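The values are calculated or read from the model by the stated rules, or taken from the named source; none is laboratory data. Because the structure is a prediction, the values reported are computed rather than measured. As a convention, Cβ positions derive from the backbone with ideal geometry for all residues, glycine included, and neighbour counts pool all protein chains shown. Protein only, heavy atoms only, side chains kept; ligands, DNA and RNA dropped before computing areas. Shrake-Rupley method; radii C 1.70, N 1.55, O 1.52, S 1.80 Å.
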Amino acid sequence: MIKIKINGQDQAWDGDPDLPLLWLLRDEIGLTGTKFGCGQALCGACTVIVDKQAVRACVTSVSDVADREVTTIEGLDPTGDHPVQKAWRQVNVPQCGYCQSGQIMQAVALLTENPKPTHDQIREAMAGNICRCGCYQRIENAVHLASTGV
Amino acid sequence: MNIVTNPQKLRGFEKQIKVEKISRRGILKGLGVAGGLVLAAPLMSRQAFAAYQTGASKMPHGVVVNPRVFVAIAPDGIVTIIGHRAELGTGVRTSLPLIVAEEMEADWTRVKVKQAYGDEAKFGNQDTDGSRSTRHYLIPMRQIGAAARVMLESAAARRWGVPVTEVRAQNHEVVHASSGRRLGFGELAEDAAKQSVPSIDALKLKDAKNFRYLGKGEVSIVDLRDITVGTAHYGIDTRLPGMKYAVIARPPVTGGKLVSFDAADALKVSGVEKVLEVKGWPWPSKFQPLGGVAVIARNTGAAIKGRDALKVVWEDGANASYDSVAYRKQLEEAARKPGLVVRTEGDVNAALKGAYKVVVGEYYMPHLAHVSMEPPVAVADVKGDKVEVWAPVQSPGGTREDVAKTLGIPEDNVTVNVTLLGGGFGRKSKCDFVIEAVLLSKAIGAPVKVQWTREDDVQHDFLHTVSVEHIEAGLDKSGKVIAWRHRSVAPSIASTFAANVVHQAPFELGMGLIDVPFEVANLQCENPEAAAHTRIGWFRSVSNIPRAFAVQSMVGELAHATNRDQKEMLLDLIGSPRIVKLDSVKDPWNYGEPYGSYPIDTARLLRVVEVVADKGKWGRSVPKGHGLGIAAHRSFVSYIATIVEVSVDDKGKLTVHQVDTAIDCGTYVNPERIQSQIEGAAIMGLSLAKYGEVTFKNGKVEQGNFDTFPVIRMDESPIVTHVHIVPPDSDAPPSGVGEPGVPPFAPALTNAIFAATGKRIRALPIGKQLET
Ligand code: FES
Ligand code: FES
């Protein structure tokens, strides 16, 4: 039995310990905010935060996060008003929106590590997150906005 | 109100970003960014709306203008407006209901949008493709809103016993000015519903100068908050009690078949419950599934692991020798010989023979995969002869029809619920993945979600075609172009619907070939034969991508050959302001629009070139190693011009420093979403130009995921993109926005690369061509 704290709640899993965390979140627990885009750590759609760090849930097995704390987009802020989420809305970032929960989680991890990133640092740190709709200019602006105060 | 203090650091936005907060029953909703450059207010005269026709009525099931279908008012005043098109990122789920709200004088903060299920008899055509939604529905949505307003006004006038001419709807209530009485929409809801629907022709539409929402770009998309908190519901997010998760192993070669499979190891995987065959249809079969072997499990991860453990024997069939290297040679050979003439003016052969100089350009573009961020996915629940589906489909009406046909049941037995789409780009116009879920749910007697992996998506897509464009231009002594022959050869999308198709369909010929807007006395377009060996489908902008790449690259080549500025060469070729005559073209198609309302108007094309040159500072001096390129293209009846500034360093590393795009899409609804579409089009254009390539060997796709089919990431995206929305002439009807931004990007980029390095890119993707 593997125990994980997800968004502050205790969860247990007694199935395949190698199951990617992504599918535990989405299919077994029903936290569908974390998305599937590639399954190979190539796109960032599945980004969650494990102990302050951005992690790709599609290549992280459930056993890797045993006894650790996982935060998904649903658990980022109790009212959905994390400064990064607010900045995203102020710049009207999304097009289809599918990549955005992963983008937001990556941005949160970036700002935890580097609260005042330059534009170049933002571009570098967010490069693992693909947006096929091409919202990059606005994502970059939103991260910048979040870092300077929304 | 909260003003951002350092707006100059927000790239690509010319105006200071203003952020307001309004409360919406506890929901915080960010109002829009007035970004980019809207050069002037759009002019929407009332006469204009009477004056133009669109092709909307010719679409399957046409248009339904009925407020009873599209609008509901609750006693608490909440107005629910139906969004009947699919939301794939363009903002249409917001824009069309906003048009209704505008005309009915509803207050947007008290409007809810409800997504329509697939039912074209009820809602009219629902195909969300072809950049058509605003251009086909601006007037119908205005009429629906106006009709609802009249019904509310009539109800109020009746209640007060005054003539309806004395009352007026404004801001979610009806007012009787002389007595000062007012009634909210909620209070009038019941009575208004009893009024008869007024005659559509008698409706008086609002004067544009009184618009509260249209043309302003101040309303955010309705799903904005849900997207940022993770509750927006995409196709992948549907969960039903007892639902099973499936992935499918499909024949690796198009037209291949299952011979046998061994499921023993797959069934040993923890969480896997069943393995079964999925029916396939012989190729070509429109949008029917490819068939294969399905692994059913308690979650997607287990299903994927189970599929990895399957042993399957396939028969590859007739396309087993499809090889992209050999096929390219075949296309090139075809392009060098005469082909079916699809437009001709003057005598191109004689003119080329007599020319002082002939410049030849041959351009190649490979297959592309759509790779929408959400791979194809669908949930189906089949109970007896009733089917319910939840899916991210661009064509819910078509999906319903195809599901019904597949099972041999009436369409009334099929419900297609449309989720948000995590991107579509044309892929999700084809419902093969939905039919797969339906077949599996029927087979196992439980709801099933079929999930495509990224590899499935790339390897079993309805790919963008592969093409060779061969252009010969003849110049006279003064450098004037006197002859233009364009041969375009590519397998047709029509090959997905019928066998033995070797020519492009009118809707493909009309995308940048026969509609070339150049004023050249001797002009001929030809379409040599090409057979398809895989499923070909619509990809955002479709044939416009290779054609604009070829034509606009040729403009650059001619500028170089005659030692002229690219922009001057382009203006010269477009020639005088005029309506282009397509007399020699059998079926000019014109995006399905009547030519009278949507002609090829070169004055508008010339103007977007001038606007982008002005705003994008064409001709500015750039640092060493940098270059500017320009391209212009009309598609989806809109006019677009793009300037790109690039640099290439000594290792061949490409940097896109600045993109400027001017768009004339006629009368528009939401400039903020136009800006986002054009920003995104630059990224998609850069992706396909730099990396986009799907290749076949032994009939199989060689790519699989974002490592082998890369797309642009943030660190290589343009440093800044400016969008310049050109105000339309007073009576220009609305035209496309979702697609037209893509085609001019690649040639503007490669023209810029030529300016920077002297290297001409004639084959996409650029790949390693700049490495030295
Ligand atoms: S789905 Fe995990 S990185 Fe793409
Ligand atoms: S908004 Fe569509 S993939 Fe990013």
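Residues that are more than 11 Å from ligand 1 (Cβ to nearest atom) and in contact with a strand residue (DSSP E or B) (Cβ under 8 Å, 6 or more places away or on another chain): which helices (runs of 4 or more DSSP H) entirely in segment A:25-140 hold 2 or more of them? Explain how you work it out, then say what you get.
Numbers: elements: A:83-90, A:100-113, A:119-125.
It comes to A:83-90, A:100-113.
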Are there any pairs with C-beta distances below 9 angstrom linking a residue in segment B:359-385 that is without any contact (Cβ under 8 Å) to a residue 12 or more places away in the chain and part of a strand (DSSP E or B) to a residue that is open to solvent by 10 Å² or more (accessible area, probe 1.4 Å) and within 15 Å of ligand 2 (Cβ to nearest atom), with the two at least 6 apart or on different chains, and if so which? none
Contact list, first residue from segment B:254-265 and closer than 18 Å to B:D456 by Cβ, second anywhere and in a helix (DSSP H, G or I) and of a type outside the set (D, E, K, R), beta-carbon distance below 7 Å, six or more apart or interchain, is B:T254/B:N319; B:G255/B:G317; B:G255/B:A318; B:G255/B:N319; B:G256/B:G317; B:K257/B:G317
Answer yes or no: is there a residue in segment A:13-26 that is of a type outside the set (V, I, T), crowded, with 18+ Cβ neighbours inside 10 Å, within 16 Å of ligand 2 (Cβ to nearest atom) and within 15 Å of the chain's Cα centre (by Cα). no
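Could you say which residue among A:V65, A:V55, A:V91, A:V48 is open to solvent by 20 Å² or more (accessible area, probe 1.4 Å) and not aromatic (F, W, Y)? Let's see the steps before the verdict.
Working: A:V65 fails: open to solvent by 20 Å² or more (accessible area, probe 1.4 Å); A:V91 fails: open to solvent by 20 Å² or more (accessible area, probe 1.4 Å); A:V48 fails: open to solvent by 20 Å² or more (accessible area, probe 1.4 Å).
Exactly one of A:V65, A:V55, A:V91, A:V48 is open to solvent by 20 Å² or more (accessible area, probe 1.4 Å) and not aromatic (F, W, Y), namely A:V55.
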Taking segment A:38-60 on its own, how many of its residues are facing chain B (nearest Cβ under 9 Å) and out of contact with any helix residue (DSSP H, G or I) (no Cβ under 7 Å at 6 or more places or on another chain)? 3
What number of residues within segment B:333-363 are open to solvent by 60 Å² or more (accessible area, probe 1.4 Å) and of a type in the set (F, W, Y)? 1
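Can you tell me which residues in segment B:68-107 are part of a loop (DSSP other than H, G, I, E, B), over 29 Å from B:E374 (Cβ atoms) and touching a Lys or Arg at 6+ places or on another chain (Cβ under 7 Å)? Before the answer, list the steps.
From segment B:68-107, those part of a loop (DSSP other than H, G, I, E, B) are B:74-78, B:84-91, B:105-107; that's our starting set.
Adding the requirement that they be over 29 Å from B:E374 (Cβ atoms) leaves B:74-78, B:105-107.
Within segment B:68-107, B:G77, B:I78, B:E105 qualify.
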Report whether or not A:G128 is under 14 Å from the mean Cα position of the chain (by Cα), within 16 Å of ligand 2 (Cβ to nearest atom), surrounded by fewer than 24 Cβ atoms within 10 Å (Cβ to Cβ) and within 9 Å of chain B (Cβ to nearest Cβ). yes
Restricting to segment B:484-503, name every residue that is in contact with a Leu (Cβ under 7 Å, 6 or more places away or on another chain) and open to solvent by 40 Å² or more (accessible area, probe 1.4 Å). B:H503
Can you tell me which residue within segment B:225-264, out of those that are under 25 Å from the mean Cα position of the chain (by Cα) and among the hydrophobic types (A, V, I, L, M, F, W, C), is nearest to the other protein chains (Cβ to nearest Cβ)? B:I227
When you go through B:Q524, B:Q552 one by one, which is the residue that is of a type in the set (S, T, N, Q), surrounded by 24 or more Cβ atoms within 10 Å (Cβ to Cβ) and assigned to a helix (DSSP H, G or I)? B:Q552
Hey, does segment B:464-483 have a residue that's modelled with pLDDT of 95 or more, surrounded by 21 or more Cβ atoms within 10 Å (Cβ to Cβ), among the small types (G, A, S) and more than 29 Å from B:W618 (Cα to Cα)? yes
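Can you tell me which residue is farthest from the chain's Cα centre (by Cα) among those in segment B:372-430 that are within 16 Å of ligand 2 (Cβ to nearest atom) and polar (S, T, N, Q)?
So in segment B:372-430, the residues within 16 Å of ligand 2 (Cβ to nearest atom) come out as B:372-377, B:392, B:394, B:419-428.
Then keep just the ones that are polar (S, T, N, Q); that gives B:372, B:394, B:419.
Values: B:S372: 12, B:Q394: 10, B:T419: 17 Å.
Ranking the qualifying residues of segment B:372-430, first place goes to B:T419.
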Being within 14 Å of chain A (Cβ to nearest Cβ) and among the aromatic types (F, W, Y) narrows it down to one residue among B:F745, B:F696, B:F754; which is it? B:F745
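Every residue, every condition in (1) open to solvent by 10 Å² or more (accessible area, probe 1.4 Å); (2) among the aromatic types (F, W, Y); (3) over 30 Å from A:V59 (Cβ atoms), yes or no:
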residue: B:G242; (1), (2), (3): yes, no, no
residue: B:D262; (1), (2), (3): yes, no, no
residue: B:V295; (1), (2), (3): no, no, no
residue: B:V325; (1), (2), (3): yes, no, yes
In segment A:40-57, residues that are within 16 Å of ligand 2 (Cβ to nearest atom) and within 28 Å of B:P241 (Cβ to Cβ) total 2
